[in-house]
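Remarks on the structure that follows.
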Amino acid sequence: MELNIISPEKELPVPRAHALTMVIKSFKGRRNVEVHLYRAGWQAKEMEAQDWGALLGDPISQDTEIPLENSKKVLMEAFTAEERDQLVAYLKHRYGEKLESISGCYLDFPIPKGLAALSDVPEGKSVGRLRLETVPQFTLPFPVHGLYDLSQHEPLMEANGRET
C-alpha cells in the first residue's frame, strides 16, 4: 500500500485543515475506487468559534447557489493532524491489504465561498457513502464517512466475463 501524506510548508491558520483519500483495490465490482474521507460530526461551538471572515475567501462564482453554511462545513469536515494520523493508522491496520493507497493533503486558505461539502453531495445510483463508524471494531473517537462515485472507476470484469 502506498502512503502519500503532504505536509504544509507553513503553519496553517487552523489545526482542522487536513484531507484524506483512500483507494480501495476492489469495491462493489469496481477497481481502485477512490474514497474521499471526512469527519462526519462536530460540536456547534467548534463551528461558532472559527474566524470565518479570515477563513473564507471570495466566491467561486457570482452565480453560486451553495449556501455559506455549506462552505463552512468544508473546514469542519477536515481532520486535525492528530486525527489524520489516527485515521491513517486505523486504515493501515484494519484495511491495509485491501487498499491501494492513502493520500493526504491540506486545505488551501482562504476556502472559497460556494464550495460544496462532501456531506452535501447526494447519494445516487453510482455515488455512495461509507460510514466507517458503523463497521465492527471501529476504534476512532470521531465518526468518519467516505464519499465515492463508482462511475469514475473501471469494472473488475470485462464485458466477456474475464477478470482484467
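Obtain the nm distance between the two label points defined at Leu68 and Ala49 by a simple spin-label model: each point lies 7 Å from its Cα along the Cα-to-C-beta direction. Result for the modelled spin labels: 2.2 nm. Distant-in-sequence amide contacts of Gly57, defined by a placed amide H-H separation under 5 Å and a gap of 5 or more residues or a different chain, comprise Ile111, Lys113. Overall, the chain carries a charge dipole of about 580 debye about its Cα centre when +1 sits on the Cβ of Lys and Arg and -1 on the Cβ of Asp and Glu, all other atoms neutral.
How would the range 40-99 be classified by its alpha-carbon gyration tensor: rounded, prolate or oblate, with rounded meaning a/c under 1.5 and the a/b versus b/c comparison settling the rest? Prolate, because a/c is 1.5 or more and a/b exceeds b/c. Shape annotation for the range 2-149: C-alpha extents along the principal axes are 43, 35, 28 Å, from largest to smallest. Sequentially through the range 31-45, phi angles give Karplus couplings (6.51, -1.76, 1.60; θ = phi - 60°) of 9, 6, 7, 7, 10, 8, 8, 7, 6, 9, x, 7, 7, 4, 5 Hz, Gly and Pro residues having no value and appearing as x.
Along each principal axis, taking the top coordinate minus the bottom one, the Cα set of the range 72-136 gives 38, 33, 21 Å in descending order. Angle of helix 81-95 to the longest C-alpha principal axis of the chain, folded into 0 to 90 degrees and rounded to 10: 10°.
The trypsin sites (Lys or Arg not before Pro) of the range 1-107 meeting both criteria, a DSSP state outside H, G, I, E and B (loop) and at most 16 other C-beta atoms within 10 angstrom of the site's C-beta, are Lys10, Lys28. Backbone phi angles across the range 136-145, fed through the Karplus curve with coefficients 6.51, -1.76 and 1.60 (θ = phi - 60°), yield HN-Hα couplings of x, 6, 6, 10, 7, x, 9, x, 10, 10 Hz in residue order; Gly and Pro are listed as x. For the chain, excluding the exposed loop sites themselves (GluC sites (Glu not before Pro), DSSP loop, at most 13 other Cβ atoms within 10 Å), the longest remaining stretch covers 66-122.
Residue order by solvent-accessible surface for Thr139, Thr21 is Thr139, Thr21, largest first, with ligands and nucleic acids left out and a 1.4 Å probe.
The values are calculated or read from the model by the stated rules, or taken from the named source; none is laboratory data. Predicted model only: the values in this text are computed from it and were never measured. Glycine gets a Cβ as well: all are built from the backbone with ideal geometry, and neighbour counts include every protein chain shown. Just so you know, the surface numbers come from the protein's heavy atoms only, side chains and all, with ligands and any DNA or RNA stripped out. Shrake-Rupley method; radii C 1.70, N 1.55, O 1.52, S 1.80 Å.
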